[in-house]
1. Any idea how far apart Phe5 and Glu41 come out in nm if each label point goes 7 Å out from Cα toward Cβ?
2. Any idea of the accessible area per residue across the chain, 1.4 Å probe, to the nearest Å²?
3. Roughly to the nearest percent, how much of the accessible area of the chain is carbon and sulfur, given a 1.4 Å probe?
4. State the extension gain, in nm to one decimal, for the chain segment bounded by Val66 and Glu78, taking 0.36 nm per residue of separation less the distance between their alpha-carbons.
5. List, in order, the whole-Hz ³J(HN,Hα) value for each residue of the stretch 22-33 obtained from phi through the Karplus relation with A = 6.51, B = -1.76, C = 1.60 and θ = phi - 60°; use x for Gly and Pro.
6. Below 13 angstrom from the Cβ of Glu52, what's the summed charge of the other residues (Lys, Arg +1; Asp, Glu -1)?
7. When ranked by the protection proxy of mean other Cβ atoms within 10 Å per residue, highest first, what sequence do the peptides 10-22, 52-64, 81-93 form?
8. What ³J(HN,Hα) values, in whole Hz, does the Karplus curve 6.51 cos²θ - 1.76 cosθ + 1.60 give for the stretch 48-58 when θ = phi - 60°, with x put for Gly and Pro?
Amino acid sequence: MRISFSDHLEGNQTYTPIGRIKAATGWHATGVAPQSGDWKEEALRRLIRTAEDFEADAIIGVNYQVDGVQGRDLEGVELERVAATGLAVKLARS
């Protein structure tokens, strides 16, 4: 799977857009690291699995965001999750 954090692929390869996709980690306590890697890596792994479900060859314009719990009524541990988004694409065949 080819991944690009910009809005184009290296070598200006042509592609057909499949659609925007999003994947997120599970909710976790703010400031707690995962057992392996980091939360961005985990979100990217999940995004790649989602793209594979659509038979995409690449994801372009990958971006991350951190979502927090808004308007909670109970006091306690603050929660967040990391989400990755991008455009799943099918590469043009020569």
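The values are calculated or read from the model by the stated rules, or taken from the named source; none is laboratory data. Only a predicted model underlies this, so the values are computations on that prediction, with no experimental measurement involved. Here Cβ is always computed from backbone atoms with ideal geometry, including for glycine, and neighbour counts include all displayed protein chains. We work out accessible area using only protein heavy atoms, side chains counted, and drop any ligands, DNA or RNA first. Shrake-Rupley method; radii C 1.70, N 1.55, O 1.52, S 1.80 Å.
1. The answer from the label model is 1.5 nm.
2. Spelled out: the 1.4 Å probe surface of the chain, per residue, equals 66 Å².
3. 48
4. 3.1 nm
5. 9, 9, 9, 6, x, 5, 8, 5, 4, x, 9, 7
6. +2
7. In descending order of packing, they fall as 81-93, 52-64, 10-22.
8. My calculation for the stretch 48-58 gives 4, 4, 5, 4, 5, 4, 9, 6, 6, 9, 7 Hz in order.
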